[in-house]
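Trainee: Quick one: the structure is below, and I'll ask about it shortly.
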Amino acid sequence: MDCNVVRDLIPLYIDECCSEESAIIVKEHIESCDACKKLLEDMSTPSDVVAASKAPAKFNKLNDWKASVLQSVLLFLSFSLITIGVSLEARTGSGLMNGFWAMNLVIPATGFMLSLANWYFVQVYKNRKRFSSFSLIATLGITLCAYIWSVFHYEMDLLEIFSECNFVEALDAMQGVLFLNGLGIVLTVAFCILSKILSNQYAKMLGKE
């Protein structure tokens with residue numbers, strides 16, 4: 001039997017996809033042909049490429065799991081902060097402190113939590129840098145929109161307040177506003193920074209360049 005024919009049959013013989021007649025031909029030929037016998041042995045030996053291809057698959061699954069855990073933990077923590085803020089706000093009576101916890105805890109946590117929805121579309125972005133930057137913008141944008149909504153909800157006419165004050169009184173009023181919303185401002189900045197850092201790590205886990 002010609003070696004070229006046997007070499008064409010060897011892959012089928014290894015995979016047990018050839019007929020019995022072809023298998024017998026291969027067996028008989030390799031008993032008398034050292035070159036074809038060695039080829040059969042080499043092709044039957046497990047390749048390092050197969051082992052290497054399995055390792056990245058396991059690695060990718062592990063990273064996917066880590067990314068999912070990270071997103072779930074952040075959703076849980078932000079929702080917990082919202083729950084705490086709502087509970088504290090419900091205990092706050094009317095007056096100057098009305099809306100304090102809503103603006104200083106509920107709104108920043110809500111902005112961060114809603115921005116996590118962008119993480120589901122990480123594959124849409126061309127690279128990790130663009131994704132993390134947009135995550136920061138989303139966190140800031142949603143939070144600012146929530147603050148604007150709170151101004152109307154709590155019927156705060158800031159223009160009227162500042163228009164009736166002289167410069168010194170306006171500064172005092174501004175200090176009062178910053179004092180009452182200082183925690184919310186700090187949390188907003190912190191959440192924006194966390195959004196950029198953690199979204200970058202999240203995209204890295206998913207193999208985003």
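Trainee: Say whether the condition of being at pLDDT 85 or above and not polar (S, T, N, Q) is met by at least one residue in region 152-163.
Mentor: no
Trainee: Taking the options LEU81, LEU116, name whichever one is part of a helix (DSSP H, G or I) and crowded, with 20+ Cβ neighbours inside 10 Å.
Mentor: It is LEU116.
Trainee: Look at region 62-72 and say how many of its residues are open to solvent by less than 70 Å² (accessible area, probe 1.4 Å) and not polar (S, T, N, Q).
Mentor: Of the residues in region 62-72, 3 are open to solvent by less than 70 Å² (accessible area, probe 1.4 Å) and not polar (S, T, N, Q).
Trainee: Tell me, which residue of region 6-46 that is of a type in the set (Gly, Ala, Ser) and part of a helix (DSSP H, G or I) is most open to solvent (accessible area, probe 1.4 Å)?
Mentor: Once the filter is applied, the top-ranked residue is SER32.
The values are calculated or read from the model by the stated rules, or taken from the named source; none is laboratory data. This structure is a prediction, so every number in the text was calculated from the model and none was measured. Reconstructed Cβ throughout: ideal geometry from the backbone, glycine too, with neighbour counts over all protein chains shown. Heads up: the accessible areas ignore ligands, DNA and RNA and are worked out on the full protein's heavy atoms, side chains in. Shrake-Rupley method; radii C 1.70, N 1.55, O 1.52, S 1.80 Å.
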